Amino acid sequence: MNDMQRSDHHLSSLFRNRPVRVSAGARLHFGLLDSVEPFGGLGTMVDSPGTEVTASESDQFKCDELHRGRFEEIARRVADYVGLGNLPALKLDVQTEAEAHCGLGSGTQLALAATEAMLSFLGAQCTPIQMARDLAGRGKRSAVGIHGYFNGGMIFEASSISSAELNPIKERVELPTDWCVAVLKPSIEQGQVFGPGEVEKFSRLPAGSEELRSTLDILAQKKLLPAAREHDFHAFSDALQHYNRTSGLLFSSIQGGPYNGPEVSSLIDWLTQRGVVGVGQSSWGPGVFAWFESQGHAETLVERLPSGATLLTLTRIRVEPRKIEFL
């Protein structure tokens, strides 16, 4: 890390070595604007399933075995950033987290929460971009979950800069908090897309056609965003469903269609045949979102789910940024 990247780093003795808790939500991804850099796209934060990480005093760096590989890598970068010779002497505990590889952005929320918990415990600060890219190691493709972590709300991520940086927020919209989202997944397990497998899939994807990219841009800026600003649920859910399906076509050569596999496609068909709106696949799935104007409408659907579907969460929109509490 060079001097310019270190320039805004400082330590504060006020909160150093105080136990700290960082709480964040989950991210739903509506789809990318292109299948190649710099990608761009849309998504929103939701309240649950939440991510909560605490950092507390210890004689050496400690965390559970499940998260050790990820957290030790981050801890090494944090140690370098604050000028420590060894891993920071603290204990990381994951109190809650979203199910991994289901389209909920769990990896980004967990990495950012752990990074910020360590920095806060050590009394260190840095910019959100530094924290995400240099320390947490996130944002190599989509930045929706990063911006959502720090800001909450629905995020329109610009696609106008080099992948060496972090795509900025083009627009942030606060959706009504009484709108409700059900996130489901097929009961039958399917191949999950993450890590090296995801990198390999992206390497085989061609850029979207000019026509497809233009359609996505129109859907995003002329349909979806105006409906979100106006809190027009029916226009929003209709535009979201069309945008999500169209974005999925960028990946049809990998997925076999706009959605990732027959199980996800069947679940989406089941929902749309019953008049459910705002239906789509979050990221690579298998998480499928369905939007409702109220929790009562959502609960009616949840009570009659088919045997082939599992409810991941029934949640509301999160408009707040992550929360940091010193204990």
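Residue-wise test of (1) modelled with pLDDT under 95; (2) outside any helix (DSSP H, G or I); (3) under 30 Å from Glu174 (Cβ atoms).
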| residue | (1), (2), (3) |
| --- | --- |
| Pro38 | yes, yes, yes |
| Leu42 | no, yes, yes |
| Val46 | no, yes, yes |
| Phe71 | no, no, no |
| Leu110 | no, no, yes |
Exercise. Can you name the residue in region 162-173 that is surrounded by fewer than 20 Cβ atoms within 10 Å (Cβ to Cβ) and in a loop (DSSP other than H, G, I, E, B) and is also modelled with the highest pLDDT among such residues?
Worked result: Pro168
Problem set entry | Given (1) at pLDDT below 95; (2) under 29 Å from Ser23 (Cα atoms), number of the condition Arg318 does not satisfy | (1)
Seminar exercise, completed: Checked Gln255, Gln273, Gln281 against criteria (free of Cβ contacts under 8 Å to residues at least 40 places away in the same chain, crowded, with 19+ Cβ neighbours inside 10 Å and at negative phi); the one match is Gln255
Exercise. What's the number of the condition Ser120 fails, among (1) more than 17 Å from the chain's Cα centre (by Cα); (2) more than 25 Å from Lys62 (Cα to Cα); (3) of a type in the set (Ser, Thr, Tyr)?
Worked result: (2)
Exercise. Where in region 232-327 are there helices (runs of 4 or more DSSP H), lying fully within it, with 2 or more residues that are of a type in the set (Phe, Trp, Tyr)?
Worked result: 233-248
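Scanning region 118-142 for residues that are part of a helix (DSSP H, G or I) and of a type in the set (Gly, Ala, Ser), which turns out surrounded by the fewest Cβ atoms within 10 Å (Cβ to Cβ)? Outline the logic, then answer.
So the first thing to find is which residues in region 118-142 are part of a helix (DSSP H, G or I), and the list is 118-122, 128-135.
Filter once more, keeping what is of a type in the set (Gly, Ala, Ser): 120, 132.
On the way: Ser120: 22, Ala132: 24.
Going through the qualifying residues, I end up with Ser120.
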Problem set entry | Criterion: in contact with a Phe, Trp or Tyr (Cβ under 9 Å, 6 or more places away or on another chain), hydroxyl-bearing (Ser, Thr, Tyr) and either part of a loop (DSSP other than H, G, I, E, B) or buried (at least 24 other Cβ atoms within 10 Å of the Cβ) (or both) - qualifying residue of Ser159, Ser56 | Ser159
Seminar exercise, completed: Gly145 vs (1) closer than 30 Å to Pro186 by Cβ; (2) surrounded by fewer than 22 Cβ atoms within 10 Å (Cβ to Cβ); (3) of a type outside the set (A, V, I, L, M, F, W, C): all pass except (2)
Exercise. What about Ala79, is it assigned to a helix (DSSP H, G or I) and touching a residue at least 40 places away in the same chain (Cβ under 8 Å)?
Worked result: no
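The values are calculated or read from the model by the stated rules, or taken from the named source; none is laboratory data. A quick note: this is a predicted structure, and the numbers were derived from the prediction, not measured. Cβ atoms come from the backbone with ideal geometry, glycine included; neighbour counts cover every protein chain shown.
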